[in-house]
Amino acid sequence: MTTIEIPQTRLETGYDNTAEDCINREPLITGEATYHAVTKIVCATPEARRAPKIWYVCFTISLMLLCVLFLTIAYQVFTGVGVWGNNSPNAWGFDIINFVFWVGIAHAGTMISAILLMFRQRWRTGINRFAEATTVFSVLCAGIYPAIHVGRPWFAYWLLPYPNIMGDWPNFYSPLLWDALAVGTYSTFSFLFWYFGMVPDLATLRDRAKTRTRHTLYGIFSLGWRGSARHWKIYDRGMIIMGGLACALVMAVSSTVSTDFAVSQLPGWHETIFPPYFTVGAIFSGFATVIALAIPARHLFGLKDLITERHMDNLGKLMLVLSSIVLYIYLIEFFMAYYSGNIYERFAYYNREFGPYWWMGWAMMFCNGVVPQALWFKKARITWWLSLPIALLALFGMWTERFSIIVTSIHRDFLPSSWHMYSPTIIDIGMFAGSFGLFFTLFLLFCRFLPMVAMSEVKSILPQSHTHLPEDCKDAQ
Amino acid sequence: MSVSDKNIVLGTREQIYMERMAPRVMKYAGGIGIAALIAAALLGLALHDSMKQFLCSYLTAWVFFFALAVSALWFVLAHHLFKAAWSNVVRRIGEAVSNNFILLAILFIPILLGMKVIFPWTSHAFMMSGSELRHKQLFLNTPFYILRMAIYLGVLAAISIYYRRMSLLQDQDGHVSRLMRLQKHSGWCFLVVCWIMNLIGVDLVMSLQPKWLTYVEPLYFATGCAVTFFAALPVITRCFQRQGFLPMVNKEHYHDMGKWLFAFVMFWAYIGFAQYILIWYGNVPKETAFFLFRQIGPWAAISIALIIGHFLIPFLGLISRWPKRRPGTLVFWGVWVLVFQYLDFFWQIQPAVYEQSQKVQSAPVSGLDPYKLLGSADKMVWMPLHPLSLLISLLCVVGVGGVFVAHTFYLLANKSLLPLRDPRLPEALAVESI
């Protein structure tokens, strides 16, 4: 009988796998890289009787913030949108700033799952589930704003082009309609993508369940997965097709959101670079979120062997690339405003950096364009106390970017008599804080009860999954 | 004699070194190129238009081959930046194609000599004709333009020479430290090249119509550049294979080339659509000026042909897995996209030169009715589509292309077509595409 020797990698936890060596490719997984070890690490949290104490503290805070969200929404729905700080000329304020902010964050998951899949970046398997979860939850947070912005949310379905007895249709020329359709499609798709990828892992949890309730619940959601070759074939094909579609969707969603502004004739809004600008900014903020969440998660839930320093290193590099593109766009905007020779165009950018909201303009430049340049240094990418503040500053910077684009462009109208400052009300601020409550409540529940890392995908990159390859090429897998 | 590394037989020496073919190609391509350029110049003289059409066609051809070189450099830098393996089998092609910037700088001299004919901002009277134009003088002036072009081409030449030289030296001494150095510098070099690819678009295309404003044009130009090499790569590789070189390049590598081509075709369409829809929706005169002439008559046909030929048809043709894995089919799509990419540069540059002509500018209409405007413009904007003009354009492509090809083969001659001592070469040979 012929026996196949299965190569196994046994490395210390915390092993530095970030070396930039041309001869060998460092392993993507450290510690005990066996199928069983991966299952054990990932299932430890969902199967634990109790979560770490810090989880309960965070969950309580999140629930409190979630209550704030419900209360502010209720107050707004019963009173009217006048409770917000929006007023002429600032027709748009926190509502759309926060919508764009959350839609942006929603881009990392699909980006990692789809575009990095197409680029054969196998390291993505350690963080894709995690990132997809942020996508699903942040789209939910984003979806709140347009729904309540209509004033009478019970008529929100009027946005949909359905045949009705009045024979009227939504305005197909309106980017707000495109927006609703794009974000609606994206949220549905990203949920399906996330769930579809999780089915084999849910089946693992079902098979390991020690209580009847767990067995039944995980059993229902794993859709009868048995792990047969036929199932895997369908699964693989489905993931590739969904990945390909998701690539186009990632590009489409923020591009569509950008048209909310760019189809107008307002200097500061009407720029043909807006679609790629918004898309890059969105992916940038998404990566910042993934870094900001991955750092505590890998420490708290013992995932250091699956989300290794190399993952953090690569995430840092991607953030650096995106920050550099964002910086390019900021500078091109200034150049084009100058090149236009038009006083209104020039004023929009002068006002952004030297007007009353100058600190917002500079904050966006500093947090998104300057601070992430520290990621050129490896130390900044793999040291958590350096990369975490960079990621958090980037998130803040992306919020200020949206504020700068939206409010700074409209608060000084063409007539100086129409110039007014924008100030958010307590309801605006409460609703924004509450949206974090919704996000973190869902995210913490996900961490507690669902597999945080895509077990089946991580197993596919272990050396023993590629016993047929020549020795020279195994490291590369 | 067989060439091997790490016990992997790569083929015979004749399959990796272009010892006999390169001098022949150099001779023929160079000869044809120079002859074509002379013929184009003579035809240009015969038109009695101050060489306007010749310069216009020459600029288009120059931009096309500049795009090829700069995107090849982009590809080489991306290879090192991503620590890629598969592209090792075609890296030398990228390195040779990208080493043409000094030649391109020399070939740019006729454009500099004829600047006054094609760049309206060189006229002081024109720049003083409007307040917005007056504000642009700080940027759009002859000395600064020449300085910018010198810096752009100088920096690109320096980076491309450095990357090729280090790569060839690594072949000789086998020092991995050289590759590590290339990898280390690839980050900032990549950034610099991307910036230049964008900014040079302002000088080469946007400045032909100084009144035109669009924020995304630099990116649109850079995307068009990137498409060029990814379309040319499978074509060049297949041509080499037909001559018996690089037998180790297989369908897995073609699949990867096809994916890059498909991605950039999509990205080109995305940027083009973003630009068009926002300009159409906004309907602001300083932006619509560009599309005004390109939406009527034969230019409209070319605009529609670009949408269909540069996006829809190759999109459908390349979306499946199998065309990307069949070298012959991929070569067809490579040639197809190259033709349409040239057409895209043609469409951006050539009408722009005539839109600024005195007759068009002084047309006594509001500018809002393009048909009236064109009628009174004495059909000047159709000039590039005149059969003689088209012949000049074709000769310019053959001319600049011939010289470009000759120089590329000069660089390839007697140098290995594979980075033989790159430690990732075995991985490149065993690559499997998903």
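Every number here is computed from the coordinates shown, using simple stated rules; none is lab data. These numbers were taken from a predicted model, which means no experiment stands behind them. Every residue, glycine among them, receives a Cβ derived from its backbone with ideal geometry; neighbour counts consider all protein chains shown.
At 7 Å along the Cα-to-beta-carbon direction for both A:Ala248 and B:Ser131, put a label point, then send me their distance in nm to one decimal.
Taking the two extended label points, one gets 4.7 nm.
Quick one: net charge around A:Val257, please, counting Lys, Arg +1 and Asp, Glu -1 for every other residue with C-beta under 15 Å from its C-beta.
Once all neighbours under 15 Å are counted, the net charge is -4.
Calculate the length of the line joining the C-alpha centroid of region A:124-202 to that of region B:102-122, in whole Å.
Between the Cα centres of region A:124-202 and region B:102-122 lies a distance of 52 Å.
Which order do peptides A:288-295, A:413-420 fall in by mean Cβ count within 10 Å, highest first?
My ranking of the peptides, most packed first, is A:288-295, A:413-420.
What FRET efficiency do you get for A:Ile241 and B:Ser123 if R0 is 56 Å and r is their Cβ-Cβ distance, rounded to the nearest 0.05? Present the calculation step by step, with values, prior to reporting the outcome.
Working: r = 56 Å, r/R0 = 1.00.
E between A:Ile241 and B:Ser123, to the nearest 0.05, is 0.50.
Please average, across the residues of B:242-252, the number of beta carbons from any other chain that are within 10 Å of each residue's own beta carbon, and give a whole number.
Mean inter-chain Cβ contacts per residue within 10 Å come to 0.
Rounded if a/c is under 1.5, else prolate if a/b beats b/c, else oblate: with a ≥ b ≥ c from the C-alpha gyration tensor eigenvalues square-rooted, which is the protein assembly as shown?
Oblate.
Short version: ³J(HN,Hα) in whole Hz for each residue of region B:44-60, in order, from phi by Karplus 6.51 cos²θ - 1.76 cosθ + 1.60 (θ = phi - 60°), x for Gly and Pro, what are they?
Using θ = phi - 60°, the values come out as x, 5, 5, 6, 6, 10, 6, 6, 4, 5, 4, 5, 5, 5, 5, 4, 4 Hz.
Which whole-angstrom value gives the distance between the alpha carbon centres of region A:297-339 and region B:47-79?
34 Å
May I ask which of A:Lys53/A:Lys304; A:Lys40/B:Lys251; A:Lys53/A:Lys317; B:Lys286/B:Lys324; A:Lys379/B:Lys83; A:Lys304/B:Lys251 have a Cα-Cα span longer than 30 Å here?
Beyond 30 Å: A:Lys40/B:Lys251; A:Lys53/A:Lys317; B:Lys286/B:Lys324; A:Lys304/B:Lys251.
Take each of the peptides B:228-239, A:353-364, average the number of other beta-carbon atoms within 10 Å over its residues, and list them starting from the highest.
Ranked from most to least packed, the peptides come out as B:228-239, A:353-364.
Averaged across B:424-432, how many Cβ atoms of other chains sit within 10 Å of each residue's Cβ atom? Mind dumping the intermediate values first?
Numbers: counts 6, 1, 5, 9, 2, 3, 5, 3, 5.
Going residue by residue through B:424-432 and averaging, the value is 4.
Please report B:Cys189, B:Cys56 as a ranked list, fewest other C-beta atoms within 10 angstrom at the top and most at the bottom.
Taking fewest neighbouring Cβ atoms as first place, the list is B:Cys189, B:Cys56.
Give me the inter-chain shielding for A:330-342: mean count of other chain Cβ atoms within 10 Å, whole number please.
Averaged over the peptide's residues, the number is 6.
Roughly how many nanometres apart are two label points built 7 Å out from the Cα toward the Cβ at B:Tyr276 and B:His386?
Taking the simple label geometry, B:Tyr276 and B:His386 are separated by 2.9 nm.
Please check: in the Gaussian network model of chain B (C-alpha springs, under 10 Å), which one of B:Asp422, B:Asp49, B:Asp256 has the largest mean-square fluctuation.
Residue with maximal mean-square fluctuation among B:Asp422, B:Asp49, B:Asp256: B:Asp49.
With viscosity set to 1.567 mPa s and temperature to 4 °C, compute the Stokes-Einstein D of region A:31-461, Rh being the Kirkwood radius across alpha carbon pairs; µm²/s, no decimals.
57 µm²/s
Points 7 angstrom from Cα along the Cβ direction at B:Leu168 and A:Lys53: gap in nanometres?
6.7 nm
For region A:27-68 and region A:71-90, write down the distance between their C-alpha centroids in whole Å.
38 Å
Per 10 Å bin from zero, what fraction in whole % of the C-alpha pairs of region A:40-105 is there, up to the bin with the longest pair?
Histogram of Cα-Cα distances, whole percents per bin: 16, 28, 27, 17, 10, 2.
Determine the percent antiparallel among the DSSP beta bridges restricted to the protein assembly as shown, to the nearest 5.
In the protein assembly as shown, approximately 90 percent of DSSP beta bridges are antiparallel ones.
Rg (Å, one decimal) plus Dmax (Å, integer) for the alpha carbons of chain B?
22.4, 76
Using only Cα atoms, find the angle between the long axis of helix B:142-173 and the longest principal axis of chain B, and express it within 0 to 90 degrees, rounded to the nearest 10.
10 degrees
What percent do you get for the relative contact order of chain A when only Cα pairs under 8 Å and 6+ apart count? Walk me through the numbers on the way to the answer.
Working: 662 pairs, mean separation 148.3, N = 477.
It rounds to 31 percent for chain A.
Can you give the calculated 222 nm mean residue ellipticity of chain A, where each DSSP H run of n ≥ 4 adds -39,500 (n - 2.57) and the sum is split over every residue, rounded to the nearest 500 deg cm²/dmol?
Computed ellipticity for chain A at 222 nm equals -20500 deg cm²/dmol.
Rounded, prolate or oblate: pick one for region B:101-204, where a ≥ b ≥ c are the square roots of the eigenvalues of its C-alpha gyration tensor, a/c under 1.5 means rounded, and failing that, prolate if a/b is larger than b/c, else oblate.
Note, shape of region B:101-204 comes out prolate.
So how do B:140-147, A:434-441 stack up, highest first, on mean other-Cβ count within 10 Å?
For the peptides B:140-147, A:434-441, the packing ranking is A:434-441, B:140-147.
Measure nothing but the geometry: give the 0 to 90° angle between the long axis through the Cα atoms of A:384-403 and the longest principal axis through the Cα atoms of chain A, rounded to 10°.
The two axes meet at around 30 degrees.
Using alpha carbons only, how many degrees (0 to 90, rounded to 10) separate the axis of helix B:217-242 from the longest principal axis of chain B?
Once rounded, one gets 40 degrees.
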